[in-house]
1. All but one of (1) more than 30 Å from Arg391 (Cβ to Cβ); (2) aromatic (Phe, Trp, Tyr); (3) open to solvent by 20 Å² or more (accessible area, probe 1.4 Å) hold for Tyr482; which doesn't?
2. Collect the residues in region 214-227 that are among the hydrophobic types (A, V, I, L, M, F, W, C), more than 16 Å from the ligand (Cβ to nearest atom) and in a loop (DSSP other than H, G, I, E, B), keeping them in residue-number order.
3. How many residues, within region 222-232, are touching a helix residue (DSSP H, G or I) at 6+ places or on another chain (Cβ under 7 Å) and buried (at least 24 other Cβ atoms within 10 Å of the Cβ)?
4. If the Cβ limit is 6 Å and pairs must be 6+ apart or interchain, which residue in region 228-243 that is in a helix (DSSP H, G or I) pairs with which residue that is within 7 Å of the ligand (Cβ to nearest atom) and open to solvent by less than 30 Å² (accessible area, probe 1.4 Å)?
5. Quick one: which strands (runs of 3 or more DSSP E) lie wholly within region 137-213 and hold at least 2 residues that are of a type in the set (A, V, I, L, M, F, W, C) and open to solvent by 40 Å² or more (accessible area, probe 1.4 Å)?
6. Which one of the conditions (1) of a type in the set (S, T, N, Q); (2) more than 16 Å from the ligand (Cβ to nearest atom); (3) outside the structural domain of Gly372 (by TED's automatic domain parsing) does Gln252 fail to meet, given that it meets all the rest?
7. Which residues, taken from region 30-72, are assigned to a loop (DSSP other than H, G, I, E, B), open to solvent by less than 20 Å² (accessible area, probe 1.4 Å), under 30 Å from Ala182 (Cα atoms) and out of contact with any helix residue (DSSP H, G or I) (no Cβ under 6 Å at 6 or more places or on another chain)?
8. Kindly provide the set of residues from region 263-288 that are over 19 Å from Ile320 (Cα atoms), part of a loop (DSSP other than H, G, I, E, B) and open to solvent by less than 10 Å² (accessible area, probe 1.4 Å), ordered by number.
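The values are calculated or read from the model by the stated rules, or taken from the named source; none is laboratory data. Every value quoted in this text rests on a predicted model; they were computed, and no experiment measured them. Because the Cβ atoms are built from the backbone with ideal geometry, glycine has one as well, and the counts that use them run over all protein chains shown. With ligands, DNA and RNA removed, areas are computed over all heavy atoms of the protein, side chains included. Shrake-Rupley method; radii C 1.70, N 1.55, O 1.52, S 1.80 Å.
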Amino acid sequence: MSALATNLEKLDGYLARFRETGIKHRIGGKDCDGSAGTFQSTSPVNKTVICDVARGDASDIDAAARAAKDAFPAWRDMPALERKKILIRIAEGIEARAEEIALCECWDTGQALRFMSKAAIRGAENFRYFADQVTSARDGKQLQSPTLMNVTTRVPIGPVGVITPWNTPFMLSTWKIAPALAAGCTVVHKPAELSPLSARILVEIAEEAGLPPGVWNMVNGFGEDAGKALCEHRAIKAIAFVGESSTGSLIQKQGADTLKRCHLELGGKNPVIVFDDADLDRALDAVIFMIYSINGERCTSSSRLLVQDSIREEFEARLIARVNNIKVGNPLDPETVIGPLVGEEHFNKVTSYFDIAKEGGATIAAGGVTVGDEGYFVRPTLFTGANNQMRIAQEEIFGPVLTSIPFSTEEEALEIANDTDYGLTGYLWTNDLQRSLRFTEKLEAGMIWVNSENVRHLPTPFGGVKASGIGRDGGDWSFEFYMEQKHIGFATGEHRIPRLGA
Ligand code: NAD
């Protein structure tokens, strides 16, 4: 049997339970139906229905927020070492179900198995990393003054809402929820409506690991009703959001009446800048990897290639040959690099840029076509002859689509790189050390890699500037979001207190 056939058979086994019972909310440790009925989850691979999913509304969010509020004091006060043990057991539970998570994620989102097989492992790493921080999360400083011993401490902010998108949903959910739990917060998770499967598996793993009921609640549904209600709920103290920039702006508006703290991880139109003095073989590998892996449906993808005109022709020729060689196919086939785009609406959006490119005066040098009509497949695409004013250079396409733009000088490269609403990542390829120091200083991005693709290191800050977001994740930055600083001053003697009215 081929590897694809084996994986399809295993997937069928994993999906049987979802077909039978659908996906319910998980509130206070119990399965709950959706107050607004159900919606269907379909696979982008062949457009078939996977299962029914509970559709949440404001009343379901209210029930989940109350459960999170009730569970908060006991979770906050549980000894750190006990909380740590539970988080480690969650990591172990993820590892034990890694195959199920990967296969379900591929079928639900269209992401290729070669990338998703690592998603569960990375999710487990997130839990292990933040488990290690639990015991020090509340530590503070001692700041002596003449009359007081001042100490600072951190306390968890309370129940929080976590709203996640459909691209790599499992990894992103763990990335947000692990530090929230480590900080001592309780959680209401609203996963993306397009990818509900792995979020359900994750909450099950957490409960099996011993997480008390109500500490982690999961409500499925659409952004405009369940998501909005979560942002507006009074018991929810903060919203950790990952998604589009326009939705991020809505999150802040919806949270304004309850003065919600918001952490926004949003879109990108990230440049990769290749100078003629770079190691061009490695640069080529990285350029290809950072736009054509994970279907290009990743916020950190380098979707604008800025290539120095002295090497442009040869670099683009090599790029075209490689892009045309990339395998598109069933995401459960281990050989597949690009699976189908997540759904019809997104497929229509991505493919609309084929005409937008031509109308704008660019050339489709590779791809620019769909593949079959069974699912939402497109060929990896390269636009050349573009300039930075074109829509294909300014708008986040969020697919396996790269726009190549030439430049001649360092100054021009920097101007083009920064001429965007976004500022998530930047990738610089040069062997000139001083240039890399100058360039990274002026490049408007939250994260920059020099002579490297995006390699995530959990203690480093993750986040964007401009329309790419507000706030940082990673290391202690995650705790800064999920916790409140508290200052306590202890008088060291009997200093003079003003005696008004004495
Ligand atoms: P989206 O903004 O459409 O949806 C994200 C989530 O928000 C979903 O769960 C959705 O139901 C919910 N939502 C929608 N409207 C809402 C509302 N009014 N109130 C509350 N919740 C609402 O994004 P998407 O299409 O699912 O994901 C793709 C986007 O995510 C891209 O723009 C990508 O760049 C971005 N992203 C950013 C990062 C990052 O770290 N910066 C990481 C991954 C994805």
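1. For Tyr482, the failing item is (3).
2. Within region 214-227, the subset among the hydrophobic types (A, V, I, L, M, F, W, C) is 215-216, 218-219, 222, 226.
Next, from what is left, pick out any that are more than 16 Å from the ligand (Cβ to nearest atom): 215-216.
Val215 - this is the single residue of region 214-227 that is among the hydrophobic types (A, V, I, L, M, F, W, C), more than 16 Å from the ligand (Cβ to nearest atom) and in a loop (DSSP other than H, G, I, E, B).
3. The number of residues fulfilling the criteria is 4.
4. Within 6 Å, the pairs are Leu230/Lys190; Cys231/Ile251.
5. Working: elements: 142-144, 148-156, 160-163, 187-190.
Those strands (runs of 3 or more DSSP E) span 148-156.
6. (2)
7. First, pick out the residues of region 30-72 that are assigned to a loop (DSSP other than H, G, I, E, B): 33-37, 43-48, 55-57.
Okay, now just the ones that are also open to solvent by less than 20 Å² (accessible area, probe 1.4 Å), so 34, 43-45, 56.
When the remaining residues are screened for being under 30 Å from Ala182 (Cα atoms), the result is 34, 56.
Gly34, the sole residue that qualifies.
8. Those that are over 19 Å from Ile320 (Cα atoms), part of a loop (DSSP other than H, G, I, E, B) and open to solvent by less than 10 Å² (accessible area, probe 1.4 Å): Gly267, Gly268, Lys269, Asn270.
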